[in-house]
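Engineer: Before I ask anything, here is the structure I am working with.
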Amino acid sequence: MMTDRKFAIVTTIAAVAALAAAGSVRAGGDKIMFPAEYAKGTVYLTLDRPENKQVREYYTSQAAIDAAKKGAPLPTGTVITVVQYAAQLDAQGNPAKDANGRFIKTNTIQGYTVMEKQAGWGSEYPESKRNGEWEYQVFRADKTPNTNANLDSCFNCHKPQFSNDFVYTYDKMKVAAR
Ligand code: HEC
């Protein structure tokens, strides 16, 4: 009797340990590592964001741009990185503009939003959430994940773009310079 209980406790401890180990397997946005090589890709779009006083640069690989130009889904391994620069401000605190009326970026990066596509990613999600094989993550200026980000919101808002491989700026990739 005593031995049985001991055994039960030991197996419970083992089960809890196994669960804890399973918990350390990367899930969701934690699968995305900071895209340290993003600057080796192409800037296919630059947007001024008045509401954040930012200039955002959209980076991806040439392979992704080539696929979009063919109207094809983006290749496995595609990473899209949006780099958020603080805009230069005028004396009134509004974004200053260059001769073309565009914002001027400073050297201050305020954060990064990233989406990455890898084989098999997303298979654990219900169809109502899943965005193909994409995962989403937000990184702070120091390149660590922003744990306050609501990653479900990324899935919800990008889902209607399914016919463009969940990418809003797919058409901008199509017209990106080579
Ligand atoms: C309310 C809708 C909405 C939400 C929520 C949203 N996005 Fe987006 N996302 C957009 C739109 C619209 C664009 C197109 C360009 C732009 O406005 O930045 C975009 C563009 C992007 C891009 C560039 C590739 C593309 O699809 O054009 C990335 C990367 C991205 N978002 C990541 C994220 C991440 C990460 C999250 C969650 C933290 C997120 N988005 C949440 C609407 C959304």
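Engineer: Which one is farthest from the ligand (Cβ to nearest atom) among residues in the range 144-155 that are outside any loop (DSSP other than H, G, I, E, B) and free of Cβ contacts under 8 Å to residues at least 24 places away in the same chain?
Structural biologist: Residue satisfying both the conditions and the ranking: 152.
Engineer: Just to check your reading of the model, which residue among 113, 147, 106 is in contact with a strand residue (DSSP E or B) (Cβ under 6 Å, 6 or more places away or on another chain) and surrounded by fewer than 17 Cβ atoms within 10 Å (Cβ to Cβ)?
Structural biologist: 106
Engineer: OK, next. What is the number of the single condition among (1) closer than 20 Å to residue 171 by Cβ; (2) within 13 Å of the ligand (Cβ to nearest atom) that residue 51 does not meet?
Structural biologist: With respect to (1) closer than 20 Å to residue 171 by Cβ; (2) within 13 Å of the ligand (Cβ to nearest atom), residue 51 is out only on (1).
Engineer: Still on this model: Please go through the range 23-38 and give me each residue that is among the hydrophobic types (A, V, I, L, M, F, W, C) and away from the ligand (no atom under 15 Å from the Cβ), ordered by number.
Structural biologist: Within the range 23-38, 25, 27, 36 qualify.
Engineer: Just name the residue that is nearest to the ligand (Cβ to nearest atom) out of those in the range 102-116 that are of a type in the set (A, V, I, L, M) and closer than 17 Å to residue 170 by Cα.
Structural biologist: Checking each candidate, the answer is 115.
Engineer: Filter the range 157-178 down to the residues that are in a helix (DSSP H, G or I) and either in contact (Cβ under 8 Å) with a residue 24 or more places away in the chain or more than 7 Å from the ligand (Cβ to nearest atom) (or both) and list them by number.
Structural biologist: Residues satisfying the conditions are 158, 159, 160, 162, 163, 164, 170, 171, 172, 173, 174.
Engineer: From the list 141, 99, 119, pick out the single residue that is more than 9 Å from the ligand (Cβ to nearest atom) and either touching a residue at least 60 places away in the same chain (Cβ under 8 Å) or surrounded by 12 or more Cβ atoms within 10 Å (Cβ to Cβ) (or both).
Structural biologist: Just a single option satisfies the conditions, and that option is 141.
Engineer: Pick out, from the range 4-108, the strands (runs of 3 or more DSSP E) lying fully within it that include 2 or more residues that are within 20 Å of residue 142 (Cα to Cα) and modelled with pLDDT of 95 or more.
Structural biologist: Once the strands (runs of 3 or more DSSP E) in the range 4-108 are filtered for at least 2 residues that are within 20 Å of residue 142 (Cα to Cα) and modelled with pLDDT of 95 or more, what remains is 54-60, 79-87.
The values are calculated or read from the model by the stated rules, or taken from the named source; none is laboratory data. Predicted, not measured: the structure shown is a model, and the values here were computed from it. Every residue, glycine among them, receives a Cβ derived from its backbone with ideal geometry; neighbour counts consider all protein chains shown.
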